[in-house]
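Asker: The structure is given below, and queries will be raised subsequently.
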Amino acid sequence: MRINLNTIDELWDLEKPVISPRSRLFSLEPIGLGTPYVESLTSYIVRLAETHGTTISKLVISEIVPILRPENTSYNTNFYNFSSIGSSTARGALNGTGLMAINLIQALQKLTLRSDLCFLTMLPWAEVIGSQKGLSRHIKAWCPICYEEWHEKGQVIYEPLMWTLDVVKACPHHHQRLQTQCPHCHKQLLPLEEKTRLGYCSKCRGWLGSCLETKQEPSQDELNWQLWVADSIGEVIATAPSLEYFLNQEDLQMTIRRYVSQIFGSCKDFAALIGKSDTIVYEWVWGDKIPQLITSVQISHVLGISLLDFLMGEIVCVNRAWIAKQRQSQKLQKLYLPHTQNFDWEPFRQALITALEEYPPLRMTEVIKRFGFIPTTSFYTRFPELTKALKERYLDYQKAEREQIKSDLIDILLADEYPPPSLEDVARRVGSEYKMNKYFPDLCRKILDKYLAYRKAHKLELSEKRCQQIRQIALELYSTGIEPTNHTVSKRLGKTGILKNKNVQAALRKVRFELGYEKSYT
Ligand SMILES: [Zn+2]
Ligand SMILES: [Zn+2]
């Protein structure tokens with residue numbers, strides 16, 4: 001039977017059906033959007049990999065990084081590695097407000113075609129929460145009771161954005177401090193690792209829903225403060241998706257200016273109340289700076305308003321009695337180091353003592369880095385003797401090391417070594433190319449000059465040797481009745497390259513002249 005294609009059946013709809021664009025990866029819905037417990041972006045990546053039945057590493061290397069680093073398209077994916085997404089300690093910033101977060105969101109939006117992923121980071125608040133520095137944690141924190149509850153109820157295990165922020169120290173649901181150490185192996189965990197599994201330790205694979213026994217429970221005052229901070233941040237996070245526009249820095253500065261002028265009259269009064277210097281407040285009001293997130297939390301607390309109201313520029317009627325009470329009780333001073341109150345410093349003291357025995361001696365910053373989250377100044381003020389001893393020991397070591405390098409360089413320079421060593425050789429012997437060049441450039445220059453002079457002489461010597469060799473071959477060929485030409489000489493020599501040398505060519509021409517093959521050789 002023939003079908004007449006020109007007859008259009010009225011029942012046929014020949015319009016192309018409208019098909020929404022397909023995403024390369026599943027358009028996985030984030031957990032808890034619009035709530036204080038919204039998922040973090042790093043948690044989302046882990047779940048995305050799980051949903052695709054692949055590893056985080058594969059998802060990152062084969063899908064995300066090629067979008068983050070399109071300039072490397074000429075390389076195959078072997079070129080990329082997991083660190084292309086950010087160094088291991090910096091990956092917390094993927095949930096923050098900086099370029100790392102922006103790039104990752106853009107890449108994931110392309111792959112999932114979702115437009116709501118920025119709410120899994122602090123990006124909507126970027127302009128009003130100060131710098132990225134100190135915003136995101138370098139190590140993971142979690143509430144074991146939340147994990148355990150989700151597990152019992154059969155809910156998806158994930159990591160809320162709130163837990164990734166350094167200012168949040170307590171769980172507002174369970175009124176207890178967030179944990180930062182695996183209860184099984186006692187290790188700290190990084191925000192996103194190749195082996196990250198939500199709810200489990202990436203080191204020992206233990207379940208994080210069990211509690212670590214701690215002797216150091218926070219005091220009630222401290223806990224109340226931490227819960228207030230967590231609630232404030234939670235409210236801010238929950239509001240992000242319903243913002244009509246993202247707030248900007250000028251709005252926050254205007255808010256501070258209005259509070260300063262209406263309530264306190266001068267930057268100085270305001271500064272005294274919040275425990276900051278006049279200059280800092282002056283910069284907020286008249287300069288181009290804004291308070292860090294924790295400072296905004298403190299300011300809103302003193303003013304007796306919510307953090308959200310403060311950031312959104314709500315000017316509320318401030319309760320002067322409340323402020324006076326705050327000022328009187330000097331509660332704020334206590335708020336400055338909330339996480340160092342009742343802190344168990346003994347392990348840190350022990351670590352400093354151990355570090356004093358280590359060789360080569362460590363820098364103070366290297367010791368602090370081992371703990372990651374301790375404010376440097378606390379270390380110095382709490383252990384002045386130990387930190388001083390550590391610093392002096394390191395300086396002594398550095399000085400001795402420098403003296404050693406100097407004496408090694410002088411020895412090398414004065415030695416009758418033949419051939420003299422190159423700078424690379426010297427660096428290898430001395431142990432630090434950087435230090436020898438930085439501290440002893442003159443000695444390095446002399447060593448280099450000596451080596452270059454040797455190279456020059458050696459080159460000349462070699463050239464003379466080659467000329468003699470060519471002459472010898474030419475005479476031998478001549479004696480057997482063969483004309484010494486470029487071809488015959490290089491054939492006998494077994495190498496062609498040597499004859500390209502100007503001096504060698506001249507030597508051959510000279511001997512050919514002597515043998516009567518050339519009229520002149522100059
Ligand atoms: Zn909890
Ligand atoms: Zn563990």
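The values are calculated or read from the model by the stated rules, or taken from the named source; none is laboratory data. Remember, it's a predicted structure, so these values are computed and weren't measured experimentally. Cβ coordinates were reconstructed from backbone atoms using ideal geometry, including for glycine residues, and neighbour counts include every protein chain displayed. Note: accessible area is taken over every heavy atom of the protein model, side chains too, but ligands, DNA and RNA are not part of it. Shrake-Rupley method; radii C 1.70, N 1.55, O 1.52, S 1.80 Å.
Asker: Using a 1.4 angstrom probe and counting only protein chains, how large is the accessible area of Met312 in Å², to 10?
Answerer: Per-residue accessible area (Met312): approximately 80 Å².
Asker: Mind scanning Lys465/Lys495; Lys465/Lys519; Lys435/Lys456; Lys491/Lys519; Lys169/Lys276 and naming the pairs with a C-alpha gap bigger than 18 Å?
Answerer: Lys465/Lys519; Lys435/Lys456; Lys491/Lys519; Lys169/Lys276
Asker: What does the accessible area of Phe82 come to, in Å² to the nearest 10, when a probe of 1.4 Å is used?
Answerer: 10 Å²
Asker: Just how much of Ser407 is accessible, in Å², when a 1.4 Å probe is used and the result is rounded to the nearest 10?
Answerer: 50 Å²
Asker: Excluding ligands, DNA and RNA, what is the solvent-accessible area per residue of the range 447-515 at a probe of 1.4 Å, expressed in Å²?
Answerer: That works out to 68 Å² for each residue.
Asker: Now, a different point. Please compute the modelled spin-label separation between Thr496 and Gln292, points set 7 Å along Cα→Cβ, answer in nm with one decimal.
Answerer: Once both label points are built, they end up 7.0 nm from each other.
Asker: Moving to a separate point now. What is the extension gain from Lys391 to Leu475, computed as 0.36 nm multiplied by their sequence separation minus the C-alpha to C-alpha distance, in nm to one decimal?
Answerer: Extending this stretch completely gives an extra 22.9 nm.
Asker: Right, something else. Putting +1 on Lys and Arg Cβ atoms and -1 on Asp and Glu Cβ atoms, find which of Pro421, Ala457, Thr480 reaches farthest to the positive end of the dipole of the range 417-485.
Answerer: Pro421
Asker: Sketch the reach of a paramagnetic label on Arg445 as a point 7 Å from Cα along Cα-to-Cβ, and name the residues of the range 418-439 whose backbone nitrogen lies under 14 Å away.
Answerer: Label zone hits: 437-439.
Asker: At a 1.4 Å probe radius, carbon and sulfur cover how many percent of the accessible area of the range 24-240?
Answerer: Roughly 50 percent of what the probe reaches on the range 24-240 is carbon or sulfur.
Asker: By how many nm would the segment from Lys268 to Ala457 lengthen if fully extended, with 0.36 nm per residue of separation less the alpha-carbon distance?
Answerer: Fully extending the segment from Lys268 to Ala457 adds 60.6 nm.
Asker: Roughly speaking, what % of Cα-Cα pairs in the range 243-310 are separated by over 19 Å, rounded to a whole number?
Answerer: For the range 243-310, the fraction of Cα-Cα distances above 19 Å is 23 percent.
Asker: Once label points are set 7 Å from the Cα along Cα→Cβ at both Cys185 and Phe246, what is their separation, rounded to one decimal in nm?
Answerer: Computed distance between label sites Cys185 and Phe246 equals 3.7 nm.
Asker: For Lys58 and Lys203, what is the calculated FRET efficiency with R₀ set at 22 Å and r taken between the beta-carbons, to the nearest 0.05?
Answerer: About 0.60, to the nearest 0.05.
Asker: Taking θ = phi - 60°, what integer Hz values does the Karplus form 6.51 cos²θ - 1.76 cosθ + 1.60 yield along the range 247-258, in sequence order, with x for Gly and Pro?
Answerer: My calculation for the range 247-258 gives 5, 10, 4, 4, 4, 5, 4, 4, 4, 4, 4, 5 Hz in order.
Asker: All other residues with a Cβ under 11 Å from the Cβ of Gln472 taken together, and with Lys, Arg as +1 and Asp, Glu as -1, what is their net charge?
Answerer: Charge balance near Gln472 sits at +3.
Asker: If N is the number of residues in the range 346-445, what value comes out of its Cα radius of gyration divided by 2.2 N^0.38 Å?
Answerer: Rg over 2.2 N^0.38 Å, computed on Cα atoms: 1.44.
Asker: In nm, to one decimal, how far is the modelled label at Ser432 from the one at Thr89, with both set 7 Å along Cα→Cβ?
Answerer: Using points 7 Å along Cα→Cβ, the separation is 1.9 nm.
Asker: Same structure, new question: Can you work out ³J(HN,Hα) from phi for every residue in the range 382-394, in order, using Karplus 6.51 cos²θ - 1.76 cosθ + 1.60 and θ = phi - 60°, giving whole Hz and x for Gly and Pro?
Answerer: 7, 10, x, 5, 5, 5, 5, 4, 5, 5, 4, 4, 5
Asker: Separate question: Report the full-extension gain for the segment Gln398 to Ser261: residue separation times 0.36 nm, less the Cα-Cα distance, to one decimal in nm.
Answerer: Additional length available on full extension: 44.0 nm.
Asker: Averaging sequence separations of C-alpha pairs under 8 Å and six or more residues apart, then dividing by the length of the range 447-515, give the relative contact order as a whole percent.
Answerer: Relative contact order of the range 447-515: 36 percent.
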